[in-house]
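Written below as structure tokens is the structure these notes are about.
Here, each number is a calculation from the coordinates, and none is a lab measurement. Note that the coordinates shown come from a computational prediction; the quantities given were computed from them, not determined experimentally. No Cβ is skipped: glycine too gets one built from the backbone with ideal geometry, and neighbour counts run over all protein chains shown.
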Amino acid sequence: MGKKHKKVVVLPCSGIGKVFGALARETAYELVERVRPGVATTTCLPLLVINDPEAVAKVKENPVITIDGCPKECARKSVEAAGGRVAKAHEAIKFYKQHKDLKPEGVAEVNETGRKLAEIAARELAKEVDELAAGEEK
Amino acid sequence: MAEFLEHTYEKFIFKVKEGYLYSQDEFWANFQSGAATVGLTDFLQKAKGDVAFLETVEPGLEVKRGDEIGKIETIKATFGIISPVTGKIAAVNPEMEASPYLINHDPYGAGWIYRIELKDPEGDKAQLMDAKEYFEIMKNKIAQEAKKLYG
Amino acid sequence: MDIQVAKVGVVSCSGEEIPEGTLCRLACRKVLDERPGETVTICLPLFIAGGEEERTFAQNYPTITVDGCDKMCAAKATEMLSGKPARSLSVPEILKKHGLKPPDKLRHFGGEEEAAVQAVAEEIAQAVDEVLEEE
């Protein structure tokens, strides 16, 4: 029995103004560029709002993991509004709560400590990417 | 009576709930038949940022107005929860353990922290500000902060 | 509604998919940090998802949008949700004007990318000056 291999879209909120927006973005990039290249992919959140056909198709045809910087959950809401399927929704602050010794700083981009936290977060999310890519969604 | 007094500064809308009483330490008390629900003001939660950790005291503890009855840690700061009233902790908001972000999301409603059985409600009320009085203090604080930032 | 001194809202595209998106963010942040009394950052995702404060500000103050590509999401979303921006800047056009290459990485910009960040930040600052003069 073959297993489906899909792309998995990892969508951060990229909120500017709070460190957790920057942490969400760094975590997504870590997954896309280093931890799960070729499987994890991303798209621009505002493209969903302006109904860009490619971006909308991407989130409708593939499972999506959202990483939001605050409880307002902009990434999750935007994907759902575009008709996409949010398979897993996370808040970036959760990773800080689990690793209190790594306090991130920076608003447009996280600092070195934030990068370390993003690396850990990406490794944790990699398991979800693998499950979703293999069609083993829980 | 409008539900909130509102003050806009830049893109931020600071709210003060009518009918609550306020301490100088930026905590509110909602008095209801022998007890008060307490929490922090919209101004304080905006100033300090998203709540990551919350440390609370146990129900049953006797507290005095001005006592520290817990700690809040955000990405920006760690600060004490200062009781605006005197009495006994009757309950801690059960949602706080899983969802401390409610303090930011709904500081005057779902983000309440404690219910306190009151020992001296009239004495407490005399020391606290009503919404209009606190609103003026809050506006001054915002203006002072802006002066510090922008000169 | 009490509104204090004239300010400009700067709306950066979030541009997760392209290096110019990161360039936008860094340049906008630079301007915000250097001109705190005159500029306010509008979080585009929050603005889009219904943030009351972001939308109210954008309705009452002029906005400058900064986009990383020709899809112009920040400009379009701002116009859709609160009104035409006072200025709409395009990072590709700015880079072309200054004879600069776009960055080739999504994150962790260094010295090589600094010229591009500076050029975009200067264009944003100039736009801020022009808009404030008009107010």
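Points to keep in mind about this one:
- The H on the amide N of B:Ala52, modeled in the peptide plane, is under 5 Å from the matching H of B:Glu73, B:Thr74, B:Ile75, each at least 5 residues off or on a different chain.
- Dividing the Cα radius of gyration of the range B:60-106 by its Kirkwood radius returns 0.99 for Rg/Rh.
- Placing +1 on the Cβ of every Lys and Arg and -1 on the Cβ of every Asp and Glu, with nothing else charged, gives chain A a dipole about its Cα centre of roughly 280 debye.
- When the Cα positions of B:Tyr134, B:Val51, A:Ala24 are compared along the charge dipole of the protein assembly as shown, A:Ala24 comes out farthest toward the positive end, with charges on each C-beta of Lys, Arg, Asp and Glu.
- Angle between chain C longest axis and helix C:19-34 axis [Cα atoms, degrees, rounded to 10]: 50
- Going from the fewest other Cβ atoms within 10 Å to the most, the residues A:Thr113, B:Thr78, B:Thr41 appear in the order B:Thr78, A:Thr113, B:Thr41.
- Non-local Lys pairs in the range B:55-151, i.e. 8 or more apart or on different chains, that have alpha carbons under 17 Å apart: 8
- q = 0.11, 0.12, 0.20 Å⁻¹, the range C:8-134: log10 I(q)/I(0) [Debye, one scatterer per Cα]: -0.33, -0.39, -1.09
- Candidates B:Phe53, B:Phe12, B:Phe31: whichever shows maximal mean-square fluctuation once chain B is modelled as a Gaussian network with Cα springs under 10 Å: B:Phe12
- Based on Cα atoms of chain B, Rg over Rh with Rh as the Kirkwood radius reads 0.96.
- Summed over qualifying helices (DSSP H, 4 residues or more, each -39500 (n - 2.57)) and divided by its residue number, chain C shows a 222 nm mean residue ellipticity of -16000 deg cm²/dmol.
- Fluctuation leader among B:Ala77, B:Ala29, B:Ala131 - chain B, Gaussian network, Cα springs under 10 angstrom: B:Ala77
- A cut-off of 5 Å between modelled amide H atoms, ignoring neighbours fewer than 5 places along the same chain, links B:Leu61 with B:Ile89.
- Mean Cα-pair separation over length for chain C, i.e. relative contact order, pairs under 8 Å, 6 or more apart, %: 31
- Helix B:131-150 and the longest principal axis of the Cα set of chain B meet at an angle near 50°.
- Per-residue Cβ neighbour counts within 10 Å put B:Ser23, A:Ser14, C:Ser14 in the sequence B:Ser23, C:Ser14, A:Ser14, beginning with the fewest.
- Note on the protein assembly as shown: antiparallel DSSP beta bridges, both residues inside, total approximately 60 percent of the bridges counted.
- Three principal axis lengths of the protein assembly as shown [C-alpha, angstrom, descending]: 70, 66, 37
- Charge-dipole axis of chain B as Lys and Arg at +1 and Asp and Glu at -1 on Cβ define it, positive-most pick from B:Leu5, B:Pro100, B:Trp112: B:Leu5
- Peptides B:85-96, C:62-73, B:57-68, A:96-107 ranked from most to least packed, by the mean per-residue count of other Cβ atoms within 10 Å: C:62-73, B:85-96, A:96-107, B:57-68.
- Ordering A:Glu33, C:Glu135 by the number of other Cβ atoms within 10 Å of each residue's own Cβ, fewest first, gives C:Glu135, A:Glu33.
- Nonlocal amide H pairs with A:Ile67, under 5 Å, H built at 1.01 Å: A:Leu11, A:Cys13, A:His90
- The rule of thumb for compact globular proteins, 2.2 N^0.38 Å, goes into the C-alpha radius of gyration of chain A 0.99 times.
- Taken about its Cα centre, chain B carries a charge dipole of about 440 debye when Lys and Arg each add +1 at the Cβ and Asp and Glu each add -1 at the Cβ.
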